[in-house]
Amino acid sequence: MMEAMEKASLEDNSYMFKKLANLHPPTYDGTSNLKAFEDWIRGIEKLFDALQYPEEWRVGFARFYLREEVDLWWATVKNR
């Protein structure tokens, strides 16, 4: 029973990620421009709210849209 629930959860997660990707969310490259960062956060949050994503999925999905220096920074920080 538990295995079936985990499989269903993974399928839901995969479906929702594909749904997000089809909307071409904004990316963030780590630029020090505060406005660019705020615009990225606002854009991602709008998509998550519109799609009614649960909180536990948001960081993992948003992380996929980090680019260049900020992606490297996140890879270092997440392991701490």
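Quick check on the range 32-80: of everything there that is of a type in the set (Val, Ile, Thr) and loosely packed, with under 15 Cβ neighbours inside 10 Å, which residue is nearest to residue 14 (Cα to Cα)? Across the range 32-80, the extreme among qualifying residues is 59. What are the residues in the range 50-80 that are under 14 Å from the mean Cα position of the chain (by Cα) and among the hydroxyl-bearing types (Ser, Thr, Tyr), if any? Within the range 50-80, 53, 65 qualify.
May I ask you to list the residues in the range 38-59 that are of a type in the set (Phe, Trp, Tyr) and assigned to a helix (DSSP H, G or I)?
We begin by selecting, within the range 38-59, every residue of a type in the set (Phe, Trp, Tyr); these are 40, 48, 53, 57.
Matches in the range 38-59: 40, 48, 57.
Taken over the range 14-28, the criterion of being out of contact with any Gly (no Cβ under 6 Å at 6 or more places or on another chain) and surrounded by 14 or more Cβ atoms within 10 Å (Cβ to Cβ) is satisfied by 16, 17, 20, 25, 27, 28.
Readers should treat all values here as calculations from the given coordinates under stated rules, not as data from a laboratory. For clarity, every value in this text was computed on a predicted model and none was experimentally measured. Ideal geometry is used to build each Cβ from the backbone, glycine not excepted, and the neighbour counts take in all protein chains shown.
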